[in-house]
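Undergrad: Got a structure for you, written out below as structure tokens; questions coming shortly.
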Amino acid sequence: MFKSLRSRLILSYLFVLLLSGALISIALIFLLRNNPVIVATDQAFLNQRLQKVRQEDPEMLRKIVQSAERNDDREQLIEEFAELVNVRVLVVRNNGNVLMDSYVIDGRRDSDDVERINLRPVINDRDRNNPVGTFIDSNNRRWAFTNVAALNSRQDNRNGPEIVLAKPLSSPPQYAFENLLMPLIIASGVAAFFSLGFAILIGQSVASPLRTLAKATDKVAQGNYDQEVAVRGPIEVRQVATSFNNMVERVEASQTAQRDFVANVSHELKTPLTSIQGYSQAIKDDFAEEPETAKRFATIINDEANRMHRMVVQLLDLARWDSNQTPLQRVSMDVRPLLEAIVAKVQPQAAEKSIVLSTDIKPLPPLSIDGDRINQVLTNLMANAIKYTPDGGRVRLSAWQENNVANFAVDDNGQGIPEEDLPRIFERFYRADKSRKGNGAETTNFGLGLAISQEIVKAHGGKITAQSVVGKGTRFLVQLPI
């Protein structure tokens, strides 16, 4: 119970509602302390009783006053009157002394209390147009009263005895219970009804997308990556849904890349292994009896083994980058000698294809880089440019500073890379061979060089991009922060 998000929301709403009701009740009680509204309410109650008497027995008041003057049957009349109005009834002389008191007659107080109660200050200070007030009895109990104008045998005499109706002044809790409890209960019921409705709606808006997300997560855990949850609900839930969709997309891409990686590695290893196995079997079966044939078979085996070695080295290099096991050895260095050494290193490869190498190296400040790794990146880019540029073409290495970025560009005028292949050229084992065939590309390129170059550049805090136009050439741009 109360384990689900919806039930907890409903419980929290009810708790807040009950707490608010309790605080409001306590605040009302403190607010009603010594508040004239209680006196006014009690006096209004007494006035209602008085009006009831005047309606049901108009002569009752006159009989009581006359009996008080004659001292005959007054106790019986007071009892009848008190029973009729169901409040305390006092007959007060003009000097404030109590002549008769139904409270005493009923035996609920000492008989001599009649002599101890003096309403003179109340009688003398009252407003004749608003004959109400309060008094305190001998037990320090506060009473609210309303008095009736003097009634005696002579109507023009205002100095005769007066009838006073009194009731104990309500305490703040009693007043709140008698007058405010029902409105509070009704208001609380309405508030509870709407609060529960809002809690259910809010709980549904939060819990429903989370349940959908949980089901989609279970399916992803089972290997079904074709999951995309709707982005709805509160901002936090939408953020979770968006993150989930992005995660599933990345996981699916990672799983696809992993499967492609295994398939590509298997394919790349299968070709040299097949050659090694075939030619070694031929030597074993004495098919290479001639020394020259045996030498040729051995050369092929050696070349294929070297090819496998290069691929394994590149795979290990990538694995180290993936696991952050290849720390950079950064030093502050002038890159011009590095760039000139790279051009000199690839010059023989370019000369074989009559490719013209050129440089455009602008002044650059010393850079904090791993010289061997940047050498590896630019050498790979230069070698690829020469490899995929037709005989007699041009390859240029440029370097310049723009703002706080050092730019290195390798341009060629080869056949270019199709637009649909550009986003994938940095993927492992990906080769746009249909458009970039070059001498020896089928046997020396594994589609790992650009992936390694990208990892090296990213480790330096830079980025590597490619631009290409089919039939005009390609530019690879390496940008490193200064």
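Undergrad: What residue, of Leu381, Leu339, is surrounded by 17 or more Cβ atoms within 10 Å (Cβ to Cβ), in contact with a Phe, Trp or Tyr (Cβ under 6 Å, 6 or more places away or on another chain) and under 28 Å from Ser468 (Cα atoms)? Write out each step before concluding.
TA: Working: Leu339 fails: in contact with a Phe, Trp or Tyr (Cβ under 6 Å, 6 or more places away or on another chain).
Answer to the check: Leu381.
Undergrad: Kindly provide the set of residues from the stretch 315-327 that are surrounded by 15 or more Cβ atoms within 10 Å (Cβ to Cβ) and either within 37 Å of the chain's Cα centre (by Cα) or more than 17 Å from Gln258 (Cβ to Cβ) (or both), ordered by number. Don't jump to the end; show me each part of the working.
TA: Within the stretch 315-327, the first condition is being surrounded by 15 or more Cβ atoms within 10 Å (Cβ to Cβ), and the residues that meet it are 315, 317-318, 321, 326.
Within the stretch 315-327, Asp317, Trp321, Thr326 qualify.
Undergrad: Can you give me the number of residues within the stretch 384-408 that are among the charged types (D, E, K, R) and crowded, with 24+ Cβ neighbours inside 10 Å? Quick ask: steps written out before the conclusion?
TA: Kept after step one, since they are among the charged types (D, E, K, R), are these residues of the stretch 384-408: 387, 391, 394, 396, 402.
Of the ones still in play, those that are also crowded, with 24+ Cβ neighbours inside 10 Å are none.
Looking only at that region, the number is 0.
Undergrad: Moving to a separate point now. Run down Asp73, Asp57 and say which single residue is of a type outside the set (Val, Ile, Thr) and at pLDDT below 70. Spell out the reasoning first.
TA: On the way: Asp57 fails: at pLDDT below 70.
Checking each option against the conditions leaves just Asp73.
Undergrad: Please go through the stretch 255-285 and give me each residue that is surrounded by 12 or more Cβ atoms within 10 Å (Cβ to Cβ) and within 42 Å of the chain's Cα centre (by Cα), ordered by number.
TA: Selection gives Gln255, Ala257, Asp260, Phe261.
Undergrad: With the condition kept exactly as written, say whether any residue in the stretch 321-343 is touching a helix residue (DSSP H, G or I) at 6+ places or on another chain (Cβ under 7 Å), modelled with pLDDT under 90 and not in a loop (DSSP other than H, G, I, E, B).
TA: yes
Undergrad: Does the stretch 398-423 hold any residues that are part of a strand (DSSP E or B) and free of Cβ contacts under 8 Å to residues at least 12 places away in the same chain, and which are they?
TA: Here is the first cut: in the stretch 398-423, the residues part of a strand (DSSP E or B) are 398-402, 405-412.
Answer for the stretch 398-423, where residues must be part of a strand (DSSP E or B) and free of Cβ contacts under 8 Å to residues at least 12 places away in the same chain: just Glu402.
Undergrad: Just to be sure, is Gly414 crowded, with 21+ Cβ neighbours inside 10 Å and over 30 Å from Pro365 (Cβ atoms)? Before you say what the answer is, go through the steps one by one.
TA: Numbers: crowded, with 21+ Cβ neighbours inside 10 Å: yes; over 30 Å from Pro365 (Cβ atoms): yes.
Judged against the criteria, Gly414 is a match.
Undergrad: Cβ-Cβ below 8 Å, separation at least six or inter-chain, first residue in the stretch 449-475 and within 15 Å of Asn375 (Cα to Cα), second of a type in the set (Ser, Thr, Tyr): which pairs?
TA: Cβ pairs passing all conditions: Ala459/Thr326; Ile464/Ser453.
Undergrad: Just a yes or no: is a residue in the stretch 196-203 of a type in the set (A, V, I, L, M, F, W, C), surrounded by 16 or more Cβ atoms within 10 Å (Cβ to Cβ), touching a helix residue (DSSP H, G or I) at 6+ places or on another chain (Cβ under 9 Å) and modelled with pLDDT of 80 or more?
TA: No, the conditions are met nowhere in the stretch 196-203.
Undergrad: For residues that are under 26 Å from Ser368 (Cα atoms) and either touching a helix residue (DSSP H, G or I) at 6+ places or on another chain (Cβ under 6 Å) or touching a residue at least 24 places away in the same chain (Cβ under 8 Å) (or both), tally how many sit in the stretch 294-320.
TA: Of the residues in the stretch 294-320, 3 are under 26 Å from Ser368 (Cα atoms) and either touching a helix residue (DSSP H, G or I) at 6+ places or on another chain (Cβ under 6 Å) or touching a residue at least 24 places away in the same chain (Cβ under 8 Å) (or both).
Undergrad: What pairs can you find where one residue is in the stretch 69-86 and outside any helix (DSSP H, G or I), the other is modelled with pLDDT of 60 or more, and their Cβ atoms are less than 8 Å apart, with a gap of 6+ or different chains?
TA: Sorted first by the residue in the stretch 69-86, then by its partner, the pairs are Asp73/Ser67; Asn86/Arg49.
The values are calculated or read from the model by the stated rules, or taken from the named source; none is laboratory data. As the structure is a prediction and not an experimental result, all values here were calculated from the model. Please note: Cβ atoms are built from the backbone with ideal geometry, for glycine as well, and neighbour counts cover all protein chains shown.
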